[in-house]
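The values are calculated or read from the model by the stated rules, or taken from the named source; none is laboratory data. No experiment lies behind these values; they were computed from the predicted model shown. Here the Cβ is made from the backbone with ideal geometry for all residues, glycine too, and neighbour counts use every protein chain on show. Heads up: the accessible areas ignore ligands, DNA and RNA and are worked out on the full protein's heavy atoms, side chains in. Shrake-Rupley method; radii C 1.70, N 1.55, O 1.52, S 1.80 Å.
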Amino acid sequence: MTQDAEVDALVRARIRGLRIAKGWSLDELAARCYLSPSTLSRIETGHRRIGLDQLTSIARALGASLDQLVETENDDVVIKPHHHPERGITTWMLTGDHEHAGLTVARVRVTRPASRRPEDLRVHPGRDWFTVLSGTVELVLGDRLVIVEAGEAASFSTMTPHSLGARGGAAEIIAVLTPDGERTHVAG
């Protein structure tokens, strides 16, 4: 199957899948996108080429963008961990490059205590948030030490010099980071 044929089949399957997910019949979607039910049926089954004007109308009626209907990213289903043994951190990036909200969500396993050395405390614009899944996290915020236990969450301005680490054994968190926070904490 050629790439064009694969994209064509994918678009048709997405149109049909979205229509069914909304609980709409062919007649209902056809009325919403100003096509006849037979034309829509032939589009879904591959017996008619899809014109750009038709695709635009169908996408609008389904509440989808053209990009969503035609994108062919082959995202990995399984998220592989990234180990940073020198920092005692393993990360699983839960959001990818295709995310547009400007935030990064990551699962992070921390095995070392937080550094209190001034040269290790990071500062960048934004705000970070995390919740502790297991273990205990120590969060250094300037001169303060904040202990965050499993089941608790923390949110702080990243303009305060900060670092985080594990206390009394490994800890796992889900972190929501600004773009600057991602570069500082996760990719670092």
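How far, in degrees from 0 to 90, does helix 3-21 lean away from the longest principal axis of the Cα atoms of the chain, to the nearest 10? Computed tilt is about 90 degrees. Across the options Pro81, Phe156, Ser38, the greatest Cα extent toward the positive end of the charge dipole of the chain (unit charges at beta carbon of Lys, Arg, Asp, Glu) belongs to Ser38. When the chain is treated as a GNM with alpha-carbon contacts under 10 Å, the residue of Ser36, Ser134, Ser115 showing the greatest mean-square fluctuation is Ser36.
Using a 1.4 angstrom probe on heavy atoms only, work out the carbon and sulfur share of the accessible area of the chain in %. Intermediate values should be presented prior to the final figure.
On the way: 5800 of 11090 Å².
Percent of accessible area from carbon and sulfur atoms in the chain: 52.
The structure-derived value of Cα Rg over 2.2 N^0.38 Å appears in the list (1) 1.10; (2) 1.47; (3) 0.98 under the label (2).
Positive contributions from Lys and Arg (+1) and negative ones from Asp and Glu (-1), summed over other residues with Cβ under 15 Å from the Cβ of Arg49, come out at -1.
Please give the per residue accessible area of the chain, computed with a probe of 1.4 Å over protein heavy atoms only, in Å². Dividing the accessible area of the chain by its residue count gives 59 Å².
Take each of the peptides 56-64, 143-151, average the number of other beta-carbon atoms within 10 Å over its residues, and list them starting from the highest. The partial results should precede the final answer.
Numbers: 56-64: 17.4, 143-151: 12.4.
My ranking of the peptides, most packed first, is 56-64, 143-151.
In debye, nearest 20, what is the charge dipole magnitude of the chain about its Cα centre with +1 on Lys and Arg Cβ and -1 on Asp and Glu Cβ, if you could check? Mind showing how you got there, number by number?
Values: 22 positive and 25 negative charges, 55 e Å.
Rounded to the nearest 20 debye, it is 260 debye.
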